Amino acid sequence: MSTTTTTENAELAPVRTDSLAALLVTRERPPRPGAWSASLTFGWRAILKIKHVPEQLFDVTAFPIMLVLMYTYLFGGALAGSPEEYIQFLLPGILVMSVVMITMYTGVSVNTDIEKGVFDRFRSLPIWRPATMVGYLLGDALRYTVASVVMLTVGMILGYRAHGGVAGVLAGIALLVLFSFAFSWIWTMFGLLLRTEKSVMGVSMMVIFPLTFLSNVFVDPRTMPGWLQAFVNNSPVTHLASAVRGVMAGDWPAGEIAWTLGWAGLFVAVFGPVTMRLYNRK
């Protein structure tokens, strides 16, 4: 009896295999994911990395709090007479400085994934090519938003008041996140170009520190020497800080907002194609 059953199963096996092969051939392939869908998937991947390594949130929680407290009480009395007066000028600027500084970690993440060989798998997928990079930036946009909310909360506890209301605060955060998204393309380029994550951080610091400190984040540029004012007044960080400071105060400076959007567009237009070229040749 068992011999007969074994023989029948052996005879049916090729038939089943042929049927399965025919089913796989005739079945339609799933549609290729769209650009937005693929980008969101990689953005979700970046968020899941934070979930598994929550220490990554240190730079968007503890670090901004430390900066607000330190600069408010260190410079407040000397520059504005009291910390309460200085926080009105400082908070939007230090908000810009903190978020712009943490954009460099995008390049570090890209470089780390390259070293692990993850990008080789991504390139073999039938997806929109820039989706990988855009996903990194979308995931980091959440980190920028968290940092902004944390700093605004601490600032309001210290006495900051946004006279532009909820609309001004939301507009300021939106401008900051949009600019940071565009600015991060610089660091994705360096993440692909340089060999180690330490090199990425070193080069990033060399660019970010002059841009953030040589701006109107801490003081009004009118107190600076003329040659320094020429640089500071045309810095993208100065335009961003002025725009965020203005909309949160309810002034809505159209010129500064236009400059900020223009700088953001320029960064994407220049560094986006360069980054993708390096990515395709990596």
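Quick rundown of the values:
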| read-out | value |
| --- | --- |
| When residues of the range 69-83 are limited to those that are in contact (Cβ under 8 Å) with a residue 12 or more places away in the chain and in contact with a Phe, Trp or Tyr (Cβ under 9 Å, 6 or more places away or on another chain), the one surrounded by the most Cβ atoms within 10 Å (Cβ to Cβ) | THR72 |
| Matching option when the condition is within 17 Å of the chain's Cα centre (by Cα), of a type in the set (Gly, Ala, Ser) and more than 28 Å from ALA258 (Cβ to Cβ), among GLY135, GLY159 | GLY135 |
| Residue satisfying condition, being at negative phi, over 18 Å from the mean Cα position of the chain (by Cα) and open to solvent by 40 Å² or more (accessible area, probe 1.4 Å), within set ALA230, ALA269 | ALA230 |
| Single residue of PHE209, PHE183, PHE179 found to be open to solvent by 60 Å² or more (accessible area, probe 1.4 Å) and assigned to a helix (DSSP H, G or I) | PHE209 |
| ARG129 vs. criteria over 12 Å from the mean Cα position of the chain (by Cα) and open to solvent by 10 Å² or more (accessible area, probe 1.4 Å) | yes |
| Those residues of the range 89-126 which are farther than 29 Å from GLY76 by Cβ, surrounded by fewer than 22 Cβ atoms within 10 Å (Cβ to Cβ), at pLDDT 85 or above and among the hydrophobic types (A, V, I, L, M, F, W, C), in sequence order | VAL108 |
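The values are calculated or read from the model by the stated rules, or taken from the named source; none is laboratory data. The model shown is predicted, which means the values in this text are computed figures rather than measured ones. Note: ideal-geometry Cβ built from the backbone for every residue, glycine included; neighbour counts use all protein chains shown. Side chains included, ligands, DNA and RNA excluded: accessible areas come from the protein's heavy atoms. Shrake-Rupley method; radii C 1.70, N 1.55, O 1.52, S 1.80 Å.
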